[in-house]
Each structure stands twice: as C-alpha cells, then as structure tokens.
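Colleague: Attaching a single structure in structure tokens format; questions to follow.
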Amino acid sequence: MPCRVLLADDHQIVRQGLRALLEKAGHTVVGEAADGREACELAHKLQPNIAVLDLAMPLLNGLDAISEIRRVSPGTITILLTMHTDRPYVLHALRAGAKGYVLKTQAADDLIRAIREVWGGAVYLSPGVAVGLVEAYLSKEEEPKDPLTARERQILQLVAEGKTTKAIGELLGITFKTAESHRNRIMKKLDIHQTAGLVRYAIRRGLVRP
C-alpha cells in the first residue's frame with residue numbers, strides 16, 4: 001500500500017536518490033529535511049505515515065529525533081537509515097520507538113521492504129544487524145546504558161558541532177546559564193573535561209560525523 005513518506009538526511013544527493021526510489025515504488029514523498037530539527041517540524045506539520053531518518057544529522061541526531069517525532073506526530077512510523085551496524089545503535093533506536101533499522105550498505109530494495117513491513121505492523125531490521133542482535137540475545141550480552149539524558153545528548157551534539165554556549169541557548173530556547181549548567185553536567189558524567197574529548201565521544205556515539 002502506498003505511503004506518505006518524510007525523508008531526513010543532510011546530504012541532498014542522498015535524499016534525491018531516496019525520493020526517486022520511493023516514488024518508483026509508488027510512495028509519495030511529502031517532505032524533505034536536512035537536519036533533525038527540521039525533520040521534527042515537518043513531521044508535526046505534515047503528519048506523514050513514515051519518516052525515514054539518517055542517524056548523524058546536524059542539530060538533532062536521528063535517534064533523538066525519533067522520540068520527538070513520536071511526540072508531535074504519534075501516527076508516524078519511524079525508520080532509521082544508517083551506516084552503523086553496532087548493536088548499541090540498533091538497541092537505542094528500537095528503545096526510542098523506531099520500527100525499522102536499515103543499513104545504507106544494503107540493496108536499495110531493502111528500504112522498500114522495510115517500509116512495507118513496518119506499515120503492515122511489523123519491525124524490520126536489515127539482515128546485517130538482525131544476526132548480531134540474535135547472537136547478543138543468545139549470549140545474554142548486556143549493553144552499557146547511556147549515562148546522558150536526551151537533552152544532554154542534544155547539547156553534546158551541538159557542542160561537538162562547534163556551537164557556542166550562547167548559540168546553544170538560543171537554539172534550544174534556554175538561558176546561557178542553563179546551557180552552561182548542562183554542559184558542565186555532561187563533562188562530569190562522562191569524566192571528560194575538554195571540548196576535544198566531548199567531540200571524540202560524540203563521534204563514537206554516532207551523534208556527529210568525523
């Protein structure tokens with residue numbers, strides 16, 4: 001069944017390719033976003049059936065955008081489209097409410113299959129990550145918990161993108177003092193006390209690209 005789809009990826013050429021792929025399959029792309037904040041705004045405005053989100057997007061990463069989209073557009077089903085195969089990313093996405101996790105390295109029809117499955121009420125994982133999750137379950141591996149709150153992750157991402165504390169406050173609608181307090185709390189929780197260290201941590205977590 002054709003769906004109304006929102007695409008979010010900071011690379012225009014990727015969005016163009018995805019749009020062509022989805023429209024060929026009979027779906028309608030109702031909007032395109034270049035960052036996570038714009039994706040949330042468009043989801044609220046357009047109420048799409050499906051939102052396909054990149055993981056590492058400016059201003060708000062795909063993982064945290066999932067939760068916000070669920071809040072502003074409860075009927076929208078989210079699919080994460082990413083290069084990351086590590087189990088923590090997959091588990092975080094599923095816990096945030098994503099119904100699909102698709103690898104960019106898979107064949108193009110993998111995304112079409114994912115849309116069909118999640119629109120039908122199922123959860124879809126690319127074969128490359130599904131095997132790893134099953135192995136983790138069978139071996140009873142425990143994934144480390146994220147020490148940061150959603151707000152702290154958002155601020156960490158903005159710090160890693162080079163935003164000043166003043167700019168972060170303006171973007172998030174909070175005072176300079178509150179933004180600075182969040183930043184200090186992040187450093188304390190992570191035991192990282194330099195901006196360069198925060199950037200490296202954000203890259204490892206997939207919040208920003210190297």
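Read-outs throughout are calculated quantities, based only on the coordinates presented, and are distinct from any laboratory measurement. Treat the numbers as computed from the prediction; the structure is a model and nothing was measured. Here the Cβ is made from the backbone with ideal geometry for all residues, glycine too, and neighbour counts use every protein chain on show.
Colleague: Scan the range 81-97 and give yes if some residue there is in contact with a helix residue (DSSP H, G or I) (Cβ under 6 Å, 6 or more places away or on another chain), more than 11 Å from residue 8 (Cα to Cα) and of a type in the set (Asp, Glu), otherwise no.
Modeller: No.
Colleague: Further question: Select from the range 152-162 the residues that are without any contact (Cβ under 8 Å) to a residue 40 or more places away in the chain and in contact with a helix residue (DSSP H, G or I) (Cβ under 7 Å, 6 or more places away or on another chain) and write down the one among them that is farthest from residue 36 (Cα to Cα).
Modeller: Among them, the one singled out is 152.
Colleague: I'd like to verify a number: residues in the range 164-210 that are surrounded by fewer than 16 Cβ atoms within 10 Å (Cβ to Cβ), under 19 Å from the mean Cα position of the chain (by Cα) and not in a helix (DSSP H, G or I), how many?
Modeller: 2
Colleague: Residue check, residue 84 against (1) closer than 18 Å to residue 154 by Cα; (2) in a loop (DSSP other than H, G, I, E, B), all met but one. Which one?
Modeller: Only one criterion is unmet by residue 84, namely (1).
Colleague: Ok, one more. Note down all Cβ pairs under 6 Å where the first residue falls in the range 15-27 and is in a loop (DSSP other than H, G, I, E, B), the second is surrounded by fewer than 17 Cβ atoms within 10 Å (Cβ to Cβ), and they're at least six residues apart or on different chains.
Modeller: Taking only residues 6 or more apart or on different chains, the pairs are 26/2; 27/2.
Colleague: Right, another one. I'd like the full set of residues that are assigned to a helix (DSSP H, G or I) and crowded, with 21+ Cβ neighbours inside 10 Å, limited to the range 28-59.
Modeller: Of everything in the range 28-59, those that are assigned to a helix (DSSP H, G or I) and crowded, with 21+ Cβ neighbours inside 10 Å turn out to be 36, 39, 40, 42, 43.
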